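A.B. asks: Got a structure for you, questions after.
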Amino acid sequence: MLLLHFPLLLLLLPLSSRTQKLPTRDEELFQMQIRDKAFFHDSSVIPDGAEISSYLFRDTPKRYFFVVEEDNTPLAVTVTPCDAPLEWKLSVQELPEETSGEGSGEPEPLEQQKQQITNEEGTELFSYKGNDVEYFVSSSSPSGLYQLDLLSTEKDTHFKVYATTTPESDQPYPELPYDPRIDVTSLGRTTVTLAWKPSPTASLLKQPIQYCIVINKEHNFKSLCAVEAKLSSDDAFMMAPKPGLDFSPFDFAHFGFPSDNNSGKERGFLKSSKFGRQTPSKPRVDLHKICIGNKNIFTVSDLKPDTQYYFDMFAVNTNTNMSTAYVGTFARTKEEAKQKTVELKDGKVTDVFIKRKGAKFLRFAPVSSHQKVTFSIHSCLDAIQIQVRRDGKLLLSQSVEGVRQFQLRGKAKAKYLIRLKGSKKGASMLKILATTRPNKQSFPSLPEDTRIKAFDKLRTCSSVTVAWLGTQERNKFCIYKREVDENYNEEQKKREQNQCLGPDTRKKSEKVLCKYFHSQNIQKAVTTETIRGLQPGKSYLLDVYVIGHGGHSVKYQSKLVKTRKFC
């Protein structure tokens with residue numbers, strides 16, 4: 001197939017008809033044509049064996065030409081719509097006679113030849129309407145002037161065309177396997193594993209093939225250029241050229257193609273052109289393209305639970321940058337594991353464990369009418385977040401460290417939903433009590449400051465004196481001691497700060513004493529204690545537990561002390 005600039009075509013037709021040669025492409029000429037962009041500046045001529053990209057304005061038809069010189073020539077034409085359906089038709093006309101009717105041997109005037117070609121309708125060989133990648137293939141085509149007519153009735157769009165007279169040897173598009181489907185082999189809440197059979201172009205012909213996966217939430221794509229169009233900031237992946245301005249089909253930069261091989265990068269890979277009509281940019285769509293080399297299994301991660309995704313696979317020949325689409329598939333990720341809601345019983349303490357950054361839901365439904373409801377929370381480790389909703393209405397949102405109590409106004413037949421969110425630092429443990437009886441107190445009241453103070457001047461070789469704050473409520477206090485190594489540090493002490501562990505977890509030998517105390521004057525609610533019988537120069541960890549009327553205990557902050565070595 002010899003493809004020429006149209007005016008040159010008409011001038012050279014008489015010469016070409018005298019030439020008797022095999023219907024094969026002149027590779028030297030073909031390579032020269034590719035290098036010489038000016039030769040094909042008129043994009044109405046299709047080169048042999050190269051894919052061109054072009055643009056259609058809505059309801060404005062476009063026509064392309066090429067010549068097949070010899071009868072019985074193989075021919076393949078591929079049209080790829082990108083972001084809109086196309087109507088296209090392929091037809092052929094006989095080449096004009098080289099001589100006049102009188103047999104003078106003189107060629108007919110140019111205008112007469114041009115009229116002879118363009119005035120004839122030609123024979124329609126194939127037509128198609130839709131957005132599929134469609135082919136016309138013939139093992140034996142007649143000689144003649146072929147014309148390809150294209151039309152977009154939906155919107156301005158771009159497309160690709162490939163034509164060749166050597167389809168058997170060219171094979172620029174990767175071949176699909178006998179089963180071109182994508183299989184979903186594994187499905188999780190945030191992951192989907194895909195597998196597919198390799199392209200014979202890679203496995204048998206050993207051509208460089210890479211696979212590109214496209215993930216989105218809307219629909220499957222039938223071509224990679226449709227993906228490229230969607231990824232761009234405009235409706236079309238290139239800016240529309242101005243009417244009347246033609247681009248060389250080989251100047252791929254005008255059509256958004258990068259000149260180098262950018263495989264393996266997940267990005268919007270098309271840059272807008274300086275040319276053409278400027279249209280407002282649109283928000284980037286939720287569409288991702290990942291090129292993964294020649295692997296034929298891949299796990300897509302970071303997906304959302306209970307969401308339907310569409311998956312497309314494209315085999316790309318890295319030598320030609322031309323691609324073939326596998327049969328796409330779709331899958332819905334699994335739902336998040338439903339949170340079990342713990343039922344709280346009136347006046348009963350419930351232990352709750354929350355994973356790092358996790359959350360737990362609790363429900364409290366009082367059986368009797370009530371004026372007030374009290375929530376008491378004891379956070380054993382770091383601070384936690386609590387939210388309380390009554391019949392869907394948010395009543396409370398607080399951070400809780402240590403022991404806190406919240407009293408809310410009640411409502412007949414009300415139901416309370418409690419959401420507890422754990423710490424970012426690590427797992428959280430807590431105790432919670434909900435009650436409609438205001439005098440029901442399971443947790444002891446605590447002062448604002450739960451530190452233990454040691455008096456350095458009263459420190460001896462065998463004793464230390466400490467003090468701590470109490471409250472106006474009479475409670476039982478127990479103090480415990482434990483000898484620790486000299487290199488025991490604050491980090492180790494921090495790991496042992498579980499305030500929910502009570503005296504029942506301690507050895508009897510570690511107990512120093514228990515006593516009751518309180519003061520109506522909060523300023524005087526202070527008690528001191530001297531711990532005797534210690535060893536000189538040794539370190540001890542001291543703990544004070546306050547035990548409430550319901551038997552639940554809360555531990556003050558541990559205190560590290562050391563006796564004098566010499567006295």
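The values are calculated or read from the model by the stated rules, or taken from the named source; none is laboratory data. Everything numeric in this text was worked out from a predicted model, so none of it was measured. So basically every Cβ, Gly included, is an ideal-geometry build from the backbone, and we count neighbours across all protein chains shown. The protein model used for the area step is the full one, side chains on, heavy atoms only, and it has no ligands, DNA or RNA in it. Shrake-Rupley method; radii C 1.70, N 1.55, O 1.52, S 1.80 Å.
A.B. asks: Can you list residues from other chains, or at least 5 along the same chain, whose modelled amide H is less than 5 Å from the amide H of A50?
C.D. replies: HN-HN under 5 Å from A50: A163.
A.B. asks: What's the Cα-based Rg to Rh of region 358-492, Rh via Kirkwood?
C.D. replies: That ratio is 1.09, to two decimals.
A.B. asks: Follow-up. How far apart, in nanometres, would the label points at Q520 and L287 be if each is projected 7 angstrom from Cα along the Cα-to-Cβ direction?
C.D. replies: Each label point lies 7 Å from its Cα, and together they span 7.9 nm.
A.B. asks: Then there's this: Using mean Cβ contacts within 10 Å as the protection proxy, how do 455-462, 133-140, 144-151 order, highest first?
C.D. replies: Packing order, densest peptide first, comes out as 144-151, 133-140, 455-462.
A.B. asks: Oh, and also: Within 10 Å, count the other beta carbons around each residue, average over each peptide in 308-318, 356-366, and list them highest first.
C.D. replies: Going by the mean number of other Cβ atoms within 10 Å, highest first, we get 308-318, 356-366.
A.B. asks: Here's another thing I want to ask about it. I need the phi-derived Karplus couplings for region 61-78: 6.51 cos²θ - 1.76 cosθ + 1.60, θ = phi - 60°, integer Hz, Gly and Pro marked x.
C.D. replies: Here the 3J(HN,Hα) series is x, 9, 10, 10, 10, 7, 10, 10, 7, 10, 5, 6, 8, x, 8, 9, 10, 10 Hz.
A.B. asks: Can you compute the modelled spin-label distance between R63 and T193, with each label point 7 Å from Cα toward Cβ, in nm?
C.D. replies: Here the modelled spin labels are 5.7 nm apart.
A.B. asks: So between T153 and K357, what do we pick up on full extension, going 0.36 nm a residue minus the alpha carbon distance?
C.D. replies: Full-extension gain reported as 68.1 nm.
A.B. asks: With the alpha-carbon atoms as the only input, what is the per residue convex hull volume for region 290-330 in Å³?
C.D. replies: 80
A.B. asks: Over 31 Å between Cα atoms: which of K62/K230; K360/K511; K360/K413 fall into that group?
C.D. replies: As for pairs spanning more than 31 Å Cα to Cα, those are K360/K511.
A.B. asks: Can I ask one more? Using just the alpha carbons, could you tell me how many Å³ per residue the convex hull of region 342-435 encloses?
C.D. replies: 77
A.B. asks: Let me ask another. Short version: what are the Cα gyration tensor semi-axes of region 452-562, square root of 5 times each eigenvalue, largest first, in whole Å?
C.D. replies: 23, 17, 12
A.B. asks: Right, something else. Let's test the formula: R0 of 30 Å, r as the Cβ-Cβ distance of T505 and Q371. What FRET efficiency results, to the nearest 0.05?
C.D. replies: 0.20
A.B. asks: Within 10 Å, count the other beta carbons around each residue, average over each peptide in 196-207, 396-407, 422-433, 502-513, and list them highest first.
C.D. replies: For the peptides 196-207, 396-407, 422-433, 502-513, the packing ranking is 422-433, 196-207, 396-407, 502-513.
A.B. asks: Could you state the accessible area per residue of region 342-435 in Å², with a 1.4 Å probe and every protein chain left in place?
C.D. replies: 54
A.B. asks: Any idea of the accessible area per residue across region 452-562, 1.4 Å probe, to the nearest Å²?
C.D. replies: The answer is 56 Å² per residue.
A.B. asks: Which distance in Å, rounded to a whole number, links the C-alpha centroids of region 144-196 and region 497-567?
C.D. replies: 77
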